[in-house]
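Colleague: Could you have a look at this structure, given as structure tokens, before my questions?
The values are calculated or read from the model by the stated rules, or taken from the named source; none is laboratory data. Computed from a prediction, not measured in an experiment: that's the story for all the values here. Please note: Cβ atoms are built from the backbone with ideal geometry, for glycine as well, and neighbour counts cover all protein chains shown. Quick note on the areas: whole protein, heavy atoms, side chains included, nothing else; ligands and nucleic acids left out. Shrake-Rupley method; radii C 1.70, N 1.55, O 1.52, S 1.80 Å.
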Amino acid sequence: MSPQALLLLSLVPLVLGQLPDLRFSLTLDPEGRVVLRWDFNKTTEEITFELQVATTGWIGFGLSPSGGMAGADIVIGGVSPASNQTTYFADYHGIGEVPPVKDTVQNYQLDFLSENEGLTTMRVSRKFITCDPFDVDVTANTQRIIAAYGNSDTIRYHGSSQRFMASVQLLSEAPVSGPDPEPSFSYDIKMSNFSIPPDATTYGCAYIPLPQLTENNHIYKFDSIIQDSNKNLVHHILVYGCPNSTNINFAPGICNNNPDFYACSEVIAGWAVGGKAFTFPSNAGIPLGKGFAPTYVRLEIHYNNVMLQSGLTDSSGIRLFYTPLLREHDAGVLTTGIIPQAFSFIPPGAESFNLYSLCKTDIFNQVTDQVIPDMQVFASLLHTHLTGTAVQVAQYRYGTQIGFLGRDMSYDFSLQETRYLPAIMPIKMGDELQTVCTYNTSARHNVTFGGLSTTDEMCLAFLVYYPRNDIALCLSFPDYSPVSSFLGYDITSSEGQERPSSPILTVLD
């Protein structure tokens with residue numbers, strides 16, 4: 001950010017203490033010098049940002065379509081001691097790695113700007129959508145934040161050490177969580193010095209006992225435990241509930257070396273790159289204890305060892321927080337999308353290529369002796385790998401789309417978090433769930449196949465709902481018969497893989 005001219009303003013008379021607190025925050029640098037706070041009002045469709053930087057120079061931040069300067073919506077401000085503490089501030093747009101250009105229409109309102117004890121703080125507000133072609137709309141999708149600062153009030157190139165980028169969902173629907181219930185307890189499900197082989201992709205599995213409780217409890221929160229030295233290796237962590245008939249007499253090892261690890265398919269907790277702790281709503285929790293069948297879980301960790309390092313060990317996992325103060329509903333997780341290891345492919349050089357899956361809930365009651373009530377979906381975790389750019393789970397009833405059970409049209413592989421929906425969405429038996437994943441392979445020269453590696457692709461959605469039922473998975477398989485017909489041979493059998501029936505349902509014991 002290096003504008004050639006700035007709008008000079010008189011000092012804003014308000015002090016920060018007179019302004020309302022902002023609910024959300026994000027630290028943009030490892031040292032904690034650059035902090036962005038924000039809040040929003042969906043009724044007025046306005047958002048407020050506050051950037052605070054440990055500097056006495058200029059500060060700036062913006063919304064960027066891709067994480068760079070090109071097309072970014074930028075504001076820059078500061079306090080100039082050379083002009084009797086006059087504040088300067090303006091709204092710009094980026095056109096590349098050159099000084100940004102001041103917008104003809106200034107759509108950001110400056111609420112506060114000060115320099116105090118080595119900190120420069122700037123608070124601004126604007127409408128979600130300004131209808132200005134040089135502004136970036138604020139949406140419910142993942143958005144890229146860029147920020148930078150200078151050591152003086154002379155606006156010039158900031159250098160690579162003073163610029164930052166992060167992905168964030170600005171219009172988060174997460175309810176404000178109160179204090180943990182009392183009494184409450186925690187329990188760690190983690191590896192114990194698991195040996196990571198010098199392979200690019202490893203799925204490590206271990207059977208871990210759940211706490212032996214004499215009464216029913218509810219898991220009300222879970223968080224990741226990532227070994228500091230392995231933060232760049234751990235790609236995702238899943239905890240699966242195991243039927244009591246599962247043979248658990250196996251030492252930790254490579255998941256796909258032992259098919260017995262896949263006897264456990266009900267997701268209890270999950271974390272992926274960029275994720276944070278997840279707290280359940282006050283009326284629901286994952287059941288744990290005497291009234292919950294599994295006494296063991298399968299811990300699965302995907303290690304992305306792209307540098308093929310050897311001699312590494314890991315003790316990462318998931319921490320469960322639980323309480324005997326029972327909630328109204330048992331919560332569950334339904335996994336939908338495309339079978340991860342099934343034969344599927346994405347052509348190279350595609351700017352936008354879709355894969356589709358379909359889950360038909362009208363067969364749920366046919367494969368379990370339960371009468372399944374409406375599933376109240378309140379959160380979802382969407383998952384692809386490196387070429388994924390959008391994921392959406394569309395819900396259809398009687399052939400008409402009625403909404404989404406998860407949607408991110410600006411998906412970022414580095415920010416995979418369980419997100420609350422804007423409102424609880426009921427799934428009625430008979431509804432159809434269509435998971436659509438969009439990929440950009442324009443930078444790839446070879447076919448991208450479905451698979452476990454981060455350079456392969458996946459298309460999955462984990463739907464968190466209540467009340468829990470016995471359906472864990474509802475996955476489908478792409479129909480490649482038109483491609484096989486065009487090529488004159490069965491492309492699925494050519495890879496030595498048998499085509500499974502579609503869709504696939506897993507019912508818990």
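Colleague: For region 169-179, check the following and say yes or no: at least one residue is farther than 28 Å from Asn230 by Cβ, out of contact with any Leu (no Cβ under 7 Å at 6 or more places or on another chain), open to solvent by 70 Å² or more (accessible area, probe 1.4 Å) and among the aliphatic types (A, V, I, L, M).
Modeller: yes
Colleague: Step by step: first the residues of region 55-114, then only those that are open to solvent by 40 Å² or more (accessible area, probe 1.4 Å) and among the aliphatic types (A, V, I, L, M), then the one that is modelled with the highest pLDDT. Which residue is that?
Modeller: Val105
Colleague: I would also like to ask the following. Can we say Leu299 is within 17 Å of Met191 (Cα to Cα) and either in contact with a strand residue (DSSP E or B) (Cβ under 8 Å, 6 or more places away or on another chain) or outside any strand (DSSP E or B) (or both)?
Modeller: Taking the combined requirement at face value, the residue satisfies it.
Colleague: Considering only region 133-151, state which residues are open to solvent by less than 20 Å² (accessible area, probe 1.4 Å) and farther than 21 Å from Arg23 by Cβ.
Modeller: Residues satisfying the conditions are Asp135, Ile146, Ala148, Tyr149, Gly150.
Colleague: On to the next question. For residues in region 302-361 being part of a loop (DSSP other than H, G, I, E, B) and touching a helix residue (DSSP H, G or I) at 6+ places or on another chain (Cβ under 7 Å), which is nearest to His385 (Cα to Cα)?
Modeller: Checked region 302-361; the qualifying residue nearest to His385 (Cα to Cα) is Phe343.
Colleague: If we scan region 239-253, do we find a residue that is among the hydrophobic types (A, V, I, L, M, F, W, C), within 20 Å of Gly332 (Cα to Cα) and surrounded by fewer than 21 Cβ atoms within 10 Å (Cβ to Cβ)?
Modeller: The answer is no, given that none of the residues of region 239-253 is among the hydrophobic types (A, V, I, L, M, F, W, C), within 20 Å of Gly332 (Cα to Cα) and surrounded by fewer than 21 Cβ atoms within 10 Å (Cβ to Cβ).
Colleague: Could I ask something else about it? Which of the numbered conditions does Asn257 fail, given that it passes all the others? Conditions: (1) among the polar types (S, T, N, Q); (2) without any contact (Cβ under 8 Å) to a residue 40 or more places away in the chain; (3) touching a Pro at 6+ places or on another chain (Cβ under 7 Å).
Modeller: (3)
Colleague: State all residues of region 358-372 that are among the charged types (D, E, K, R) and either within 27 Å of Val436 (Cβ to Cβ) or in contact with a Leu (Cβ under 7 Å, 6 or more places away or on another chain) (or both); if no residue qualifies, say none.
Modeller: Lys360, Asp362
Colleague: Okay, next question. Let me spell it out: the conditions are (1) under 23 Å from the mean Cα position of the chain (by Cα); (2) within 30 Å of Ser192 (Cβ to Cβ); (3) of a type in the set (Gly, Ala, Ser); (4) open to solvent by 20 Å² or more (accessible area, probe 1.4 Å), and Ser352 meets all of them except one. Which number is the exception?
Modeller: (2)
Colleague: Does Tyr187 count as open to solvent by less than 40 Å² (accessible area, probe 1.4 Å) and assigned to a strand (DSSP E or B)?
Modeller: No, not satisfied.
Colleague: So, one more: Go over the candidates Met69, Met122, Met165 one by one and state the one that is outside any strand (DSSP E or B) and not β-branched (Val, Ile, Thr).
Modeller: Met69
Colleague: Just need a number here: residues in region 254-292 that are in contact with a Ser or Thr (Cβ under 6 Å, 6 or more places away or on another chain) and among the polar types (S, T, N, Q).
Modeller: Counting residues in region 254-292 that are in contact with a Ser or Thr (Cβ under 6 Å, 6 or more places away or on another chain) and among the polar types (S, T, N, Q) gives 2.
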